[in-house]
1. Inspect region 151-158 for any residue being modelled with pLDDT of 80 or more and either closer than 22 Å to residue 91 by Cβ or touching a strand residue (DSSP E or B) at 6+ places or on another chain (Cβ under 9 Å) (or both) and give the result as yes or no.
2. Return the pair list, or none, for Cβ contacts closer than 8 Å from residues in region 247-268 that are closer than 18 Å to residue 206 by Cβ and not assigned by TED's automatic domain parsing to the domain that holds residue 232 to residues that are at pLDDT 90 or above and buried (at least 19 other Cβ atoms within 10 Å of the Cβ), at least 6 apart or on different chains.
3. Scan region 179-198 residue by residue and report those that are exposed (fewer than 13 other Cβ atoms within 10 Å of the Cβ) and closer than 22 Å to residue 260 by Cβ.
4. List the pairs whose first member sits in region 58-72 and is in the same structural domain as residue 13 (by TED's automatic domain parsing), whose second member is in a helix (DSSP H, G or I) and buried (at least 16 other Cβ atoms within 10 Å of the Cβ), and whose Cβ atoms are under 7 Å apart, counting only residues at least 6 apart or on separate chains?
5. Of all residues in region 72-88 being at pLDDT below 85 and surrounded by 10 or more Cβ atoms within 10 Å (Cβ to Cβ), which is farthest from residue 154 (Cα to Cα)?
6. For region 107-122: of the residues being surrounded by fewer than 15 Cβ atoms within 10 Å (Cβ to Cβ) and assigned to a loop (DSSP other than H, G, I, E, B), which is modelled with the lowest pLDDT?
7. Determine whether region 19-26 contains at least one residue that is closer than 30 Å to residue 107 by Cα and touching a helix residue (DSSP H, G or I) at 6+ places or on another chain (Cβ under 7 Å).
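The values are calculated or read from the model by the stated rules, or taken from the named source; none is laboratory data. Only a predicted model underlies this, so the values are computations on that prediction, with no experimental measurement involved. Methodologically, a virtual Cβ is constructed for each residue, glycine included, from the backbone with ideal geometry; neighbour enumeration extends over all protein chains shown.
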């Protein structure tokens, strides 16, 4: 069950999207030339980043005006009133950047969330940016020094980077384990295990008719036994893999693994057992 603050966040985002879609207000941002020149001293990238922050502030203030009306003016239809300013942050290029936001209170004297601010704070882009950079070889120790583009940016410390990498990895693993398989046209399936510490990771790899390889699923077990393989194959069947289609099954294991495949594929399974080196897939 979603918590109250999560419901309020989603509602605020939906209302902000509705504002943009139905009213589509024009935004005008003015930068004095001297300020532009000063920002350019550190490069065009620095100018664009600072302009982006200014645009975010402008977007939030437009939403505030829509909800609370113009400052110091009576607005009988207003849905909230201003409640000062507060230091917050937005997520830009995988780092948290400080930003000021206006606080609002509803007629019931509850916090009125800004949908624009909720979007600017989304953790997904940060997690994906961290995952992409670490998968390309950047270490958590050097992450902050490499990616920090804003002087006041934070959230790029080793522990924070590690937490974001774990969150993103968990999401990507869930996508892998739940991805529908019914559209795949596989001519072969390889099932092998690779040791990880004192466990075995059993992986099913599909080869499409055009030669493209796809990781179908995986299971963790103490050994490459029939029960683990049967559980893995059952999951693949539940996600749409048709075992009635004749195809080759290449197994690195004993008769128990072949029996597990036979239980799911029957006579449609052409089984070849081989002695592969660990991690050959």
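1. So the first thing to find is which residues in region 151-158 are modelled with pLDDT of 80 or more, and the list is none.
So far as region 151-158 goes, no, none of its residues is modelled with pLDDT of 80 or more and either closer than 22 Å to residue 91 by Cβ or touching a strand residue (DSSP E or B) at 6+ places or on another chain (Cβ under 9 Å) (or both).
2. Listed by first residue and then by second, the contacts come to nothing, as the list is empty.
3. Answer for region 179-198, where residues must be exposed (fewer than 13 other Cβ atoms within 10 Å of the Cβ) and closer than 22 Å to residue 260 by Cβ: 182, 195, 196.
4. 59/116; 60/116; 60/117; 63/16; 63/19; 63/115; 63/116; 66/19
5. That would be 75.
6. Selected residue: 122.
7. yes
For (1) touching a helix residue (DSSP H, G or I) at 6+ places or on another chain (Cβ under 7 Å); (2) surrounded by fewer than 17 Cβ atoms within 10 Å (Cβ to Cβ), each residue gets a yes or a no:
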site	(1), (2)
213	no, yes
217	yes, no
231	no, yes
241	no, no
246	yes, yes
